[in-house]
Amino acid sequence: MSTIGHLLIIAAAVAISSVPIVMTILILLSPNRTRSAVPFLIGWVIGIVVTVSIAALFATVLPSSRFERQPDTAVAIVEIVLGVAAMVLGVLSWFRRRKSGVVATTPKWMRAEANMGAWSAFGLGFILNLRPKGIVLALAAGLTLYADAGSVRLAIIPVIIYTVVAASTVAFPIIVTAASPTRMQPKLIAAHQWMETNGGLLTSAILVVIGLLIVGMGISRL
C-alpha cells in the first residue's frame, strides 16, 4: 500500500474522533462562535501538522536497514506496538462506557470551553492533538512518513492530504455554519445529541479497527 494509502487509514481515525467533533459543535452552538470557531480550527490543523512532523522526526532515531530490499524491522515492530496500543485504548474506552451503564453526557469542561475567546479556542484546538489517542495516531502517521516517503520533499503532499482528511470533520461544520448559521442550527443540535449517545462507542470501534490495520501494516514490513 502507498504512503498516502497508509496515511488515509490513520487520518480517518483522527477525523472520526468524538472529542474534537463535539467540541466543534458546542462552539458553533455558543454565542461566541464567530470569534472562536475559526481559531479552534486553526489550532486543530496546526496541532495535526506539528504532532505528525515531530513524530516523523523522532522516527529517524530508529535503526534502519542497510540494504534496500531488507525489511525495516525496527519500523515494523514500532508499528505493531502502536497498533496494539490503539486497540487497547479502544477496548478500555468501551469497557469504561459499558461499566458506567449510563448514556454519556458532554463533560462540564467542554460546555464551559464552548464560551471561550479566540486565543483559548486556538490553544484548545492544538492541545486536543495531545490526547493519548492523538499521540498514538500521530506516531503511527509519522512512522509511515519516515518509512515510506523517503525525503522531506516527497512527504509534503502526503502530509497535506493527511491533514485535510484528519481535519475535515472539524472544518466542514465550521465552514457550512458560517455560510448558513440558521439552517445549520437544528442539524448541529441533532448531531450533538447523536454524538452524546454514540460518539464514545464509535471512537472505540474505530480505534480497534485502525489498530488492527496498523498492526497489519507493521507485519507487512517484516
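Annotations
- Cα shape, segment 143-222, gyration tensor, a/c 1.5 rule: oblate
- Relative contact order for segment 3-220: 49 percent, from Cα pairs under 8 Å spaced at least 6 residues apart, divided by residue count.
- Cα gyration tensor, segment 176-222 - rounded (a/c under 1.5), prolate or oblate: oblate
- For the chain, hydrophobic long helices are taken as DSSP H runs at least 20 Å long by C-alpha position along their axis with mean Kyte-Doolittle hydropathy of 1.6 or more; these are 33-59, 152-179.
- FRET efficiency estimate (nearest 0.05) - Cβ-Cβ, Asn32 to Trp194, R0 25 angstrom: 0.60
- CD proxy at 222 nm, helix term only [per DSSP H run n ≥ 4: -39500 (n - 2.57); per residue of the chain; nearest 500]: -27500 deg cm²/dmol
None of the figures in this text is laboratory data; all of them are computed from the coordinates on show. These numbers were taken from a predicted model, which means no experiment stands behind them. Note that we place each Cβ from the backbone using ideal geometry, even for glycine, and neighbour counts take in every protein chain shown.
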